[in-house]
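The values are calculated or read from the model by the stated rules, or taken from the named source; none is laboratory data. Only a predicted model underlies this, so the values are computations on that prediction, with no experimental measurement involved. A quick note on method: Cβ atoms are made from the backbone with ideal geometry, for glycine too, and the neighbour counts reach across all protein chains shown.
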Amino acid sequence: MAPTLNVEGHRWNITHTSYIISTSTDMIELRATNVDSHSEFGVNGPNTAPFKALVHKDLLCFYSPYYRAALKGEFAEAKQDFLTLDLPATQARRFVSWLYIGFFLPKEFTALYALYVFGDQTENMALCRFVMSRLVQIPRGKNANDHRLSLTTIEASMKTLNMLPTTSPLFRYIVDNLVNHWDANQPFDKKMCGSYDIPKEALFQIMSGLASKPVPLVNVSSGPLFVALSKCPCCRHQCNYHDHESMEEWEATCGSIPNVTRPDPTFVQNTKHQTAEEQAHP
């Protein structure tokens, strides 16, 4: 008999979250590493103050094996009444929002990249998957016909690539994003972006992707026209960047959500090295 598939904590779950909130009273204070240099709410807004928030310890541990080991084991953190997150205040608020309601509304790639790296470091698969879903949905450019990446996003992409292993779903997403949305004709500020070395594997994948693009960019009145969004990998299937371990795991998590598209077989861990025939007849 096949072992039971355990998918607890693989995506944010309202049932488990509500149960923990209603039955657990053990709280812990979360703090941010630093105060934001500017506030989304103005000079005297809430983001200019040091971040502190009380959260349910069991909720934090449910989604993060890293915190489960730290807070439930023999580590020093288990004896503390607070934790300092490796996040600035704004990102820490977004993390707490996600922890309780499974959602937040970041406005830029930079915020999402930082939250993914934090989720990866704390082994929070559900947070990483939520971030990847938001990245796939985030708009680019100044209007519906402009899908170019801003220079700020390109800078953040270069910086983040150096923080990720080449096997990371975010690494793969950033490469796809640069291949399909980086306008080579866009004025490039080398002082801003040139200080970040692109990992060799990322550079190879980006150049290979650009070389294999079927048609060159076409200039239109509203700006360059890129690959149709319906064919762009980084604008379509969020589950391609969720690192699902198997189709069974996908069916038990994202597959239970209406209208979510199945990941391509090459993006699923246990099918990456299978032949086409093996994928067709598992």
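Just checking: which of the helices (runs of 4 or more DSSP H) contained wholly in segment 49-106 hold 2 or more residues that are among the hydroxyl-bearing types (Ser, Thr, Tyr)? Lay out the reasoning, then the answer.
Numbers: elements: 57-63, 65-72, 89-101.
Because the criterion is at least 2 residues that are among the hydroxyl-bearing types (Ser, Thr, Tyr), the helices (runs of 4 or more DSSP H) in segment 49-106 that meet it are 65-72, 89-101.
Is it fair to say GLN91 is of a type in the set (S, T, N, Q), modelled with pLDDT of 75 or more and either buried (at least 20 other Cβ atoms within 10 Å of the Cβ) or touching a Phe, Trp or Tyr at 6+ places or on another chain (Cβ under 7 Å) (or both)? Reasoning before the result, please.
Numbers: of a type in the set (S, T, N, Q): yes; modelled with pLDDT of 75 or more: yes; either buried (at least 20 other Cβ atoms within 10 Å of the Cβ) or touching a Phe, Trp or Tyr at 6+ places or on another chain (Cβ under 7 Å) (or both): yes.
So GLN91 fits the description; yes.
This table checks each residue for (1) at pLDDT 90 or above; (2) in a loop (DSSP other than H, G, I, E, B); (3) in contact with an Asp or Glu (Cβ under 7 Å, 6 or more places away or on another chain).
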| position | (1), (2), (3) |
| --- | --- |
| CYS128 | yes, no, yes |
| PRO139 | no, yes, no |
| ILE154 | no, no, no |
| ARG172 | yes, no, no |
| ALA184 | no, yes, no |
| GLN205 | yes, no, no |
